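Report on one structure; see the data block that follows.
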Amino acid sequence: MSVATTPEAPLERDLQISAPSLWTRLRRHKAAVVGGTGLALIVLACVLLPVILHVNPDAIDFLAFRAPPSLHHIMGTDDLGRDEFVRVLYGGRISLLVGFLAMAIGVGIGGVVGAVSGYFGGSVDFLLMRVVDVALSIPRLFLLLLLSVTIGASVFDVALIIGMTTWMYPARIMRAQVMSLKSREYVVAARSIGASSTRILLRTLMPNSIAPLIVNGTIQVGQAIVSESVMSFLGYGIQPPTPSWGNMLTDAQTFINTAPWLAIFPGLMIVITVLAFNLVGDALRDALDPTGQRGAMGRKAAKEA
Amino acid sequence: MWVYVARRLLLSIPVMLGITILIFAIAHSLPGGPLAMYLDTPTMTHAEIQHLTVQLGLNRPLYDQYISWLGKALQGDFGHSFVDGQPVLHVIGERLGATVELMLTAVIVSYGLAFVVGIASAVTQYSVFDYVMTVLSYAGMAMPVFWLGIILMLFFAVDLHWLPTFGMFTPGVPYSIWDNLKHLILPATTLVVYTLAQESRYVRSSMLEVLQQDFIRTARAKGLPERAVLYRHALRNALLPVVTVMMLDFAFLVSGALITETVFAWPGMGRLFFTSLQQGDYPVVVGIAVLISVVVVLVNILTDVIYAVVDPRIQYS
């Protein structure tokens, strides 16, 4: 066995998703509880706190430029006197939004490509898988930067670009799933009553292949947040004044001598959030496939930021 | 076996062509076109830009430009930099050494440490050490590499003043290896932590898997000392999948190195790519991206071949 081939290995048994037992298994899983709670707290804080506190991310405190963390500004203020904590919350909204959107795009493209490739096989499969090989051979940073110069830097653009550089992993997973399922009786039965290929793919094969995609998708959200931060840090992602965890770190390096807290907090939020997504992803895989190995986290599939 | 190598190389040709087409197409759809940098230059007249467009063949259809670019690239001519007129390969060559120095240091240290940490974790599974290492590697994997670089810089360069913040040499000081090494420590450490988090997990899980096997029990049962069981029996069998995955992670390592270079202003290819992209110097951008991607493909083939040669269980027909 090697970790790299795991995503392609056809799964022998059907992964079962039954909501009550899944929930029970997740609740017993320590990593799931820690990761899930952390994730819920972060999402709730970013979504609700700005509304409850009635704060403006662009509000300037003229008495505090680059002020260190204090009771008044718990994460300090930036070079323009804006409260870092408030900006971390607003930045979190953008980063999380990009993360989920990019995952949806990547898993969407990958799911369709993988299903088509696995179902039709032959030259279609060969061609699509070579495209996957091409996309996987170019180090991702090149693609991320080149595409962002070409496409743009809005929230949707950034999510689209990240999705365009990650669809290969879900594609391979989906292909393996569909290939292992397509000769099952219920698929043959569907075909025998005259169901079209599209119908078989959409109604029969894809819904039954969704479990490993959910696992991959969870981890992809975290990885997309990292990708966004890299792009924004290099100036090609979300553009200021809209805060994102990535672009908040761009200026941080300039002021690293005078305001180190600006470099610490947004990055810490990224680490905690991505860690939480990884833990939940691992736990989901364990829960969906209780007989399988425990998550080793060493999946190349989702990494390579 | 040579048939296998030849077949792998043959199969990789469409992939390499695909890489060049994709990169070429994206680079040529940059807004303002490849000559965008000249459009803002006040000393350039419209006529001069027109002349340059024709001279560089940019008025021809894209596929036509691609074919002539590919024809020259296959002979090692990637065109000339827009910024200083030097051949692209020459520009890249000047930066190659710095990137190799950084990546090689990081690879040797991190892969070495990965084995130490991974084996120690596997042997003492569920101990405090294993637990701490697991938590650290989870954290390491969740960390954007540039942020790790900034934090290390903040701590060791800004606060403690132990090490220089950026660059490869101290400007104005005659070259010395010691000076170079001092500059290397922070970027290399960044890259080491970034890869170690991942690679030590591979070693750990591979070792754990092998340690469960029957032949290990047999080795212990016949009274071999634990050291011999670990290194002569377990590690040798755990090595192959680990080395394979490590080599397949080459593209991942390249991305990490490129980002690390931009954080520490390390004058390697990553930084060159980034500045060239900002300057719209697209022959250099295309050259770097294509060359590195081709290297990735070759490394992947090499990995498969090594795997097939070393592991007698694999048939390469």
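Values quoted throughout were computed directly from the atomic coordinates according to the rules given, and no laboratory measurement underlies them. Everything numeric here is computed off the predicted structure, so don't read it as measured data. When we count neighbours, we look across all protein chains shown, and the Cβ atoms used for this are built from the backbone with ideal geometry, even at glycine.
Taking the fewest neighbouring Cβ atoms within 10 Å as the starting point, the ordered list for B:Leu11, A:Leu96 is B:Leu11, A:Leu96.
Only one residue of B:Ile292, B:Ser81, B:Phe155 has its Cα farthest out toward the positive end of the dipole of the protein assembly as shown, where Lys and Arg carry +1 and Asp and Glu -1 on Cβ, and that residue is B:Ile292. Think of each Lys and Arg Cβ as +1 and each Asp and Glu Cβ as -1; about the Cα centre, that makes the dipole of region B:88-310 roughly 660 debye. Here B:Lys182 is the anchor, and the aspartates and glutamates within straight C-alpha reach of less than 14 Å, apart from those fewer than 8 places off in the same chain, are B:Glu101.
Rounded, prolate or oblate, given the Cα gyration tensor of region A:90-139, with a/c below 1.5 counting as rounded?
Oblate, because a/c is 1.5 or more while a/b does not exceed b/c.
Dipole orientation for region B:143-270: of the candidates B:Val192, B:Ala219, B:Leu181, B:Ala219 has the Cα lying most toward the positive pole (charges on Cβ; Lys, Arg +1; Asp, Glu -1). P(r) tail, chain B: Cα-Cα pairs separated by more than 36 Å, 35% of all pairs.
Helical content alone sets the calculated 222 nm signal of chain B at -23500 deg cm²/dmol, taking -39,500 (n - 2.57) per DSSP H segment of four or more residues and averaging over every residue. Calculated on C-alpha atoms, the gyration radius of the protein assembly as shown divided by its Kirkwood radius gives an Rg/Rh of 0.97. Computed about its Cα centre, the charge dipole of the protein assembly as shown is approximately 2260 debye, with only Lys, Arg, Asp and Glu carrying charge at their Cβ.
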